[in-house]
Every structure is written in structure tokens, then in C-alpha cells.
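Comments concern the structure below.
All of the numbers you see were taken from the coordinates with simple rules; none came from a lab. Just so it is clear, the model here is predicted, and its values are computed rather than measured. Note that we place each Cβ from the backbone using ideal geometry, even for glycine, and neighbour counts take in every protein chain shown.
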Amino acid sequence: AQSVSQHNHHVILSEAASLELGCNYSYGGTVNLFWYVQYPGQHLQLLLKYFSGDPLVKGIKGFEAEFIKSKFSFNLRKPSVQWSDTAEYFCAVISSGAGSYQLTFGKGTKLSVIP
Amino acid sequence: GAGVSQTPSNKVTEKGKYVELRCDPISGHTALYWYRQSLGQGPEFLIYFQGTGAADDSGLPNDRFFAVRPEGSVSTLKIQRTERGDSAVYLCASSPLSTTKQETQYFGPGTRLLVL
């Protein structure tokens, strides 16, 4: 069974600080990887996703993530956060081979950006 | 265009009662998913439909949970004999075709269920 670990439960940053949120997955085969974001009072929405090719993936709102296969990691980064980035961030994985279409999510990281 | 909608947004019920939660996917989306999110956790998979049929129901916790999608559009998640442990936010998502696992799943706002 696949699983996803997000190392930080709650991260607090000042505006303009750099962000890196950790995500590690456990799965023996090839995977597709996603980062979703949930802003306060809103529904989950996709930030970015990785299937193949360039392991550095760029998403919306200046976010990017790097897939490191040897480390089973897909960390999310942003060079300079804004107050509007305050939200909860979820890493998710789906096996790219045969089998279920279910997404497996991590527990999420809550990001608070202080103006 | 309209996104995934879910009704009701909130549901309070008593232990032992029956509840139905509704999901309207994005028009034309073939695949529909139900997840459950408990406090402090990420969403957990319950069931996935491809068209009218349940392609994977391995996440349903027990036989009190059942979901249908009779016409391949709207889906209803049904919970019998609710227990306090069923309290959670129930999320619905849809995707266009789901013949590839690269598709984005588009999530609705969820139904917050509280069992007293």
C-alpha cells in the first residue's frame, strides 16, 4: 500500500521568506504526484502535478516542486511567500501503473504567513 | 463554468440515523470519487465511479456505507446507522475521463457531517 508523509504539521513564516514543504511517499512502483492547496473557507484545488520528464515542475502562483526519485520525495517550494499563501497544503500520490485511481494524501501542512 | 457541488454543506444527525450526501460533478466528467477527511488528516479515499459503476469501493469502511451513481452523473453517498466516528467532511471529486492517472481530480466544497 502506498503512503505519504508530510513532515511539518504547521509552518509559520514572515512575508517574503522562502518556503519548502517536505513530502515523502512510500510505494514500490512508478507514481504520479500532486500538490493540492486549501485556502481558508475554500475547497481543495490543484497547485501542480508531476507525471514524467523534467523533475522540476512549476505550478500556479509561483510554486514549484522537485521530484527526487532516489529519495522518494516531492518537496514544494516558493522563493518568496505572501500573506495570501496562508492555507493548508496537501501532497498526494497515485500509482501510475495498473490498479486503483484513488489519490493517497498526506496529513497536510498548515502554512501561516505573517504580514 | 460550474465546479463540483455538494449538498448539504452541513448535516447534523443523531447516532443511529440514516443520512444521504449528494454530489453533482462537473458536467461531462465520467469519473467521480468520494473521500472522507477527518480533523487533522488528509482526505481518505472511499469509492470511485467510472460512469454508473463503482470501479473501486475498497475504501468504504464497512457495509453501513454505500454509494450510487445511477445515471452516470449525480452521486449519492448513503450512511446507515450513523456512529459518532462517522463525523467528518465528506468530499466529492470528479475528473473528465480517468483513462489516465494523470488527470486532475476537481474537488467540491464538501459536506460536513456531525453525528451527535
GNM on chain B, C-alpha springs below 10 Å: top fluctuator among B:R36, B:R69, B:R81? B:R81
Residues A:K107 and A:S70, FRET efficiency given R0 of 22 Å [Cβ-Cβ distance, rounded to 0.05]: 0.40
Amide N proximity, the range A:14-43 versus A:I60 label position 7 Å along Cα-to-Cβ, cut-off under 16 Å: A:34-43
Which order results if B:S75, A:S84, A:S95 are arranged by neighbouring Cβ count within 10 Å, fewest first? A:S84, A:S95, B:S75
Could you tell me, in Å, what Rg and Dmax come out for the Cα atoms of chain B? 13.4, 41
Most packed first (mean Cβ within 10 Å per residue), the peptides A:16-22, A:51-57 order as A:16-22, A:51-57
So, R0 is 41 Å and r is the distance between the beta-carbons of A:S52 and B:Q80; what FRET efficiency does that work out to, to 0.05? 0.45
How big is the range A:1-93 along each principal axis, measuring the range of its Cα positions in Å and listing the largest first? 38, 25, 20
GNM, chain A, Cα, under 10 Å: largest mean-square fluctuation among A:T30, A:T104, A:T86? A:T30
Gap in Å between the Cα centre of the range B:97-116 and the Cα centre of the range A:30-72? 17 Å
Based on C-alpha coordinates, I'd like the Rg and Dmax of the protein assembly as shown, in Å. 17.7, 52
Antiparallel content of DSSP bridges confined to chain A, in %, to 5: 85 percent
